[in-house]
Amino acid sequence: MNTRINLYSGQFSEKEKVLLSNGEFTVTTFKYSNGIEAVTVKNSKGYVTILPFMGQMIWDMEFLGHNMVMKSIYDEPQICYDNYSESYGCFLMHCGLRAMGNPTPEDTHKPHGEIPVARYREAYIILGEDEKGKYISLGGIYSHKIAFEVDYDFVPECRLYEGASIIDMIISFTNNKDLPLEYFYLCHINYRPVDGSKLIYTADRKKIITHAEVPEGYPLEKETNAYIKKLQEDASLMDTIDSTSQFYAPEIVFTCTYDADENGDAHTMQLMPDGYSCYVCHKPDELPFGTRWIARTKDEDALGMVLPATSSHKGYIYCKSQGQERYLASGETMTYHISTGILSPEESERMKNKIQKVRGIIIWANQTI
C-alpha cells in the first residue's frame, strides 16, 4: 500500500528541513533565496532536487559522485514571468502540451509551450513498493483550463528506488474536456558534456538530421555553419566529445531516429573517460522523435543527448504542417516512460555491449533485406 504526503507552500523555509526518513531514503524541503520551493530526495547512491510547484522541474541531480547538470549562468532557479529562458539551468523540464519547440515569427505560443514553468496546484510525495522494490516519488498536478477550449491535467512523477542511480519518469496527462485535446510533448534532459567522452546510442547515424538553424547575425555564425556542414556530411563527428574540434555556439539541434531492443527500449549514453556514463532510456513507440541538443559556450555547456518527443522542435505551425500533432480523446489518459541517471563503470560496459548488440542486429537485418 502506498503512502501519500501532500506538500504545501507554507511548509517550506530557507532552512533545509527533513520531511521524512525511511530506510536509506531522506526527503528534505527548503526554499531558494528568491522563495522558490524545492524538495530533495536522497538514497544511498545520490539525490535529486525538484521544484514541486514550478513546472516540477528537476533542478539538480547527483549520483555515484557525479553531478552532471548542464552549466548555465544561474546558480539557483529564478522566478519566471514569461518563459523558461529566464531560469534556464535545470537538469530536466517538461515541454508542451498545446505547442512545443521554438516558435517562428508566425507562431503565437511561448517557447516549448505552457508547461515548462507551469504553477502546480498540487504536489506530493509517495512512498511505495512494486516489483522493482521500494521507492519514493515526487509528483504533482497541473491543471490547464481555458473556457470552451481546453481542460487537461498534467501529472508527472519522478521515482527513485532503493540503491538506484537512475530515476524513472512517469509522465501522464488526462483530457477532461468534451473535445479532443491536440497535444505535443518533449522531455528536455540537460547533461553536461565531458571532453573525451563517447556518445553511444541505438539510433541510426546515417538517418541523423543536422538542422542549420544558427540565428542570423550571430557573432560566430560563420564558424558554427562551417561545423554544421561537416556534421551534415558525417554525423558521427559528434560521437567523440571534443571542445577543441567541435563548435556548438550557440547550439546545434539534431533529429535522431532510434531503434529499440526486445523490450521496446532505446538507449543513449555519454561514456566518460572515468568509465561512468550519463544515460537515458526511452520508448520510441511512445516518443518517436529523438531530438538531440548540444550547446557549448562560455556560459552554457549542455548535452541534451536525447530529448524524447512526440514531434519536431520547430514550433506549432511547422509540426502541424507535417502532421505531427497528436490527439487525446475526451476522458482518456496518455502515459510516457523515461529513465535517466548515472551508470557505474560495470553497468556502463554492459550497456555499451547491449547498444552495440541492438545496432548490430539492426545492421545485419538491413543487409539481408
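The values are calculated or read from the model by the stated rules, or taken from the named source; none is laboratory data. On a predicted model such as this, the values are computed, not experimentally measured, just so you know. Positions of Cβ are backbone-derived with ideal geometry, glycine not excepted, and every protein chain shown enters the neighbour counts.
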Close pairs from segment 178-201: first hydroxyl-bearing (Ser, Thr, Tyr), partner outside any strand (DSSP E or B), Cβ under 6 Å, at least 6 apart: Tyr185/Thr310; Tyr191/Met68; Ser197/Ile241; Ser197/Met272
One residue from Glu300, Glu347 being more than 24 Å from Asp153 (Cβ to Cβ), under 17 Å from the mean Cα position of the chain (by Cα) and modelled with pLDDT of 95 or more: Glu300
Subset of segment 20-60 [over 29 Å from Gly96 (Cβ atoms), buried (at least 17 other Cβ atoms within 10 Å of the Cβ) and in contact (Cβ under 8 Å) with a residue 40 or more places away in the chain]: Phe25, Asn43, Lys45
Subset tally (residues that are more than 30 Å from Gly128 (Cα to Cα) and without any contact (Cβ under 8 Å) to a residue 60 or more places away in the chain) for segment 61-75: 2
Lone unmet requirement of (1) surrounded by 19 or more Cβ atoms within 10 Å (Cβ to Cβ); (2) of a type in the set (A, V, I, L, M); (3) assigned to a loop (DSSP other than H, G, I, E, B) for Leu199: (3)
Qualifying residue in segment 247-256 (condition: in contact with a strand residue (DSSP E or B) (Cβ under 7 Å, 6 or more places away or on another chain), free of Cβ contacts under 8 Å to residues at least 40 places away in the same chain and over 18 Å from Pro308 (Cα atoms)): no
Spans of strands (runs of 3 or more DSSP E) in segment 25-74 with at least 2 residues closer than 17 Å to Pro116 by Cα: 37-43, 46-50, 58-63
Residue check for Asp274: within 24 Å of Phe91 (Cβ to Cβ), of a type outside the set (Gly, Ala, Ser) and in a loop (DSSP other than H, G, I, E, B): yes
Considering residues of segment 260-297 that are touching a helix residue (DSSP H, G or I) at 6+ places or on another chain (Cβ under 9 Å) and polar (S, T, N, Q) only, the residue nearest to Asp242 (Cα to Cα): Ser277
Single residue of Ile125, Ile141, Ile136, Ile115 found to be of a type in the set (Val, Ile, Thr), within 28 Å of Met305 (Cβ to Cβ) and assigned to a strand (DSSP E or B): Ile136
Odd one out for Asp204, checked against (1) touching a Lys or Arg at 6+ places or on another chain (Cβ under 9 Å); (2) closer than 24 Å to Met61 by Cβ; (3) touching a residue at least 60 places away in the same chain (Cβ under 8 Å); (4) surrounded by fewer than 18 Cβ atoms within 10 Å (Cβ to Cβ): (2)
